[in-house]
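Down below is the structure, laid out as structure tokens.
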Amino acid sequence: MDKRHFDVELDQLREKLVMMASKVENLINYSIEAIRKRDATVAEAALAMDKEIDRMEIEIEEAAISLMARHQPAAGDLRFLVGAIKINNDLERIGDHGVNIAQSAALLASVPEIKVLADIPWMAGLAVSMLKDSLDSFISGDPEKAREVCSRDDQVDELKDQILRVVLTFMMENPNFISGGMTLILVARNLERIADLATDISEEAIYIYQGKVIKHGAEKQSEEGSVNR
Amino acid sequence: MTGTHHGIVASSNKVEIRSLDFFYGKFHALKSVTMSVQQNMITALIGPSGCGKSTLLRCLNRMNDLIPGASAKGEVLLDGSDIYDPSIEVAELRKRVGMVFQRPNPFPLSIFSNVVYGLKVAGVRNAARLAEVAEQSLRAAWLWDLLKDKLDHSALELPMDQQQRLCVARLLAVQPEVILMDEPCSALDPIATMKIEELMLELKKNYTIVIVTHNMQQAARVSDLTGYMLLGEMIEFGDTNSLFTKPSKKLTEDYITGKYG
């Protein structure tokens with residue numbers, strides 16, 4: 001008896017989550033690639049990928065709920081299961097943003113090419129790397145890496161604002177760009193949300209492995225509180 | 001998430017209980033209970049004290065026959081044959097359907113003699129055969145490595161959890177098909193309890209297990225199927241997962257959430 005049956009079931013849940021994460025990462029990369037290549041044919045395939053992700057979300061959620069009901073987990077096991085349910089939810093939403101981007105790609109392919117597009121792949125690269133590192137931090141139990149991901153979120157936010165400004169200027173100069181410009185703004189918005197959700201995943205990883213809540217500045221507040229006391 | 005541990009996988013009914021009523025004299029202890037015990041699964045019976053779960057368990061190998069004034073009505077089929085049929089040999093039945101009790105009850109004999117007791121009663125005298133079965137049974141109960149060098153020691157010297165596992169080994173030696181467990185962990189601490197639970201999960205690969213427990217968390221952890229009983233009635237019977245996440249009866253919900261019992 002080396003491992004509890006419960007541990008084996010936790011491992012299986014972790015593996016499923018990892019599998020789902022890699023599907024989500026694929027979907028995002030696929031959608032971004034479609035924008036870059038002006039490929040209008042990807043939306044349907046992206047939808048099919050998302051369907052699979054949705055199916056996994058339900059499966060993982062049910063497994064986690066059943067493990068909680070049956071094993072009354074405590075401490076690290078409990079944090080892992082609660083964290084897994086949240087990460088599961090985050091991943092599913094990231095998948096939805098991937099579908100949105102794929103649909104935008106189809107629209108962008110049908111309008112004149114816009115110069116600022118150059119910044120979108122750059123922003124996408126940042127968001128995807130945040131997603132990848134947040135998942136790595138969860139899988140390998142590396143809270144330092146998770147903290148580092150959180151610190152990158154501001155960069156993505158700034159990039160989104162910058163894209164917004166540039167695209168607005170383009171749209172004001174030439175009404176022909178309005179349709180494409182709006183779509184680009186939507187893509188930027190989706191990428192910014194992906195980065196936010198990657199930050200959430202990192203925060204969950206920190207909670208799971210260190211038991212610390214860092215979201216909404218909670219960690220800073222508790223430090224100040226302890227100094228004041 | 002292994003198939004057999006969570007959902008119900010298609011499996012054959014090892015024991016089928018059909019409209020079973022049971023009386024202790026005039027007291028109606030079981031009221032038309034119907035349920036099936038599936039092969040190679042762990043079936044748990046839960047419910048407050050006096051709900052009839054132990055009575056139901058003891059009906060499965062006719063342990064209740066020993067109680068004066070007790071009578072049963074209905075059917076209990078083991079592999080399709082009614083165990084209450086007059087032609088049934090009760091001793092043979094109890095060999096096929098063995099039992100582990102609340103408190104470990106090793107005989108005041110050596111560890112070895114405890115394990116091979118049933119075989120000796122059945123007339124096996126061949127020393128090599130006895131040694132072989134003793135080793136197999138102790139291995140299956142995760143005791144071989146611990147006890148192989150002190151087989152001649154008294155079983156009563158062992159700590160409680162090892163005594164309980166020795167009782168399991170003693171049972172396995174006569175090759176039962178169904179193992180009934182009546183509160184097998186109530187005399188054990190949490191670590192010893194975990195060992196018995198892990199052992200049950202291992203044993204179900206080769207045996208069919210029915211366990212009565214007042215500890216419903218234990219039922220939730222180890223069983224594939226769970227029956228909730230109240231006042232002699234089977235209130236709800238189904239796969240453990242569903243019963244503990246979305247029970248279909250309000251009475252079950254009240255019990256498992258601690259509002260009743």
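The values are calculated or read from the model by the stated rules, or taken from the named source; none is laboratory data. The shown structure was predicted, so the numbers you read here are calculated from the model rather than taken from an experiment. Positions of Cβ are backbone-derived with ideal geometry, glycine not excepted, and every protein chain shown enters the neighbour counts. Side chains included, ligands, DNA and RNA excluded: accessible areas come from the protein's heavy atoms. Shrake-Rupley method; radii C 1.70, N 1.55, O 1.52, S 1.80 Å.
List of remarks:
- Here is the tail figure for region B:175-247: Cα pairs spaced more than 18 Å apart come to 41 percent of all pairs.
- Net charge in the neighbourhood of A:A109 (other residues with Cβ under 10 Å of its Cβ; Lys, Arg +1, Asp, Glu -1) is 0.
- Solvent-accessible area, 1.4 Å probe, carbon plus sulfur percent, for the protein assembly as shown: 53
- Rg/Rg_ref, region B:1-148, where Rg_ref = 2.2 N^0.38 Å and atoms are Cα: 1.23
- Pairwise centroid distance, computed over Cα atoms, of region B:137-182 with region B:188-212, Å: 13
- Remark: relative contact order (region A:5-219) = 27 percent; criterion is Cα-Cα distance under 8 angstrom and separation of 6 or more residues.
- Leaving ligands and nucleic acids aside, the A/B contact buries around 1500 square angstrom of accessible area in total at a 1.4 Å probe radius.
- Using C-alpha pairs under 8 Å with a sequence gap of at least 6, the mean separation divided by the residue count of chain B gives a relative contact order of 29 percent.
- Euclidean distance between Cα centres, region A:55-89 to region A:95-141, Å: 28
- Base-10 log of normalised Debye intensity for region B:113-156 (one unit scatterer per alpha-carbon) at q = 0.26 Å⁻¹: -0.98
- P(r) weight above 28 Å for chain A, C-alpha pairs, percent: 38
- Counting only Cα atoms, region B:132-185 measures 30, 25, 15 Å along its principal axes, largest extent leading.
- Three semi-axes describe the equivalent ellipsoid of region B:116-261; taken as square roots of 5 times the Cα gyration tensor eigenvalues and ordered largest first, they are 35, 16, 12 Å.
- With 30 Å² as the minimum drop in accessible area between chain alone and full protein complex (1.4 Å probe), the qualifying residues in region A:1-29 are A:M1, A:R4, A:H5, A:E9, A:Q12.
- Going from the chain on its own to the full set of protein chains, region B:190-234 has these residues losing 50 Å² or more of accessible surface (heavy atoms, 1.4 Å probe, no ligands, DNA or RNA): B:E198, B:R221.
- Here, region A:1-101 yields an orientationally averaged convex hull projection of 6.9 nm² when only Cα atoms define the hull.
- For chain B, the longest principal axis of the alpha carbon atoms and the long axis of helix B:190-203 meet at an angle near 90°.
- Per residue, the Cα convex hull of chain B amounts to 133 Å³.
- For region B:78-173: rounded, prolate or oblate by the Cα gyration tensor [a/c cutoff 1.5]: prolate
- Count Lys and Arg as plus one, Asp and Glu as minus one, and take only other residues whose Cβ is under 15 Å from that of B:K53; the net charge is then -2.
- Over all directions, the projected convex hull of the C-alpha atoms in region A:119-229 averages 8.0 nm² in area.
- Compactness of the protein assembly as shown as Cα Rg over 2.2 N^0.38 Å, two decimals: 1.33
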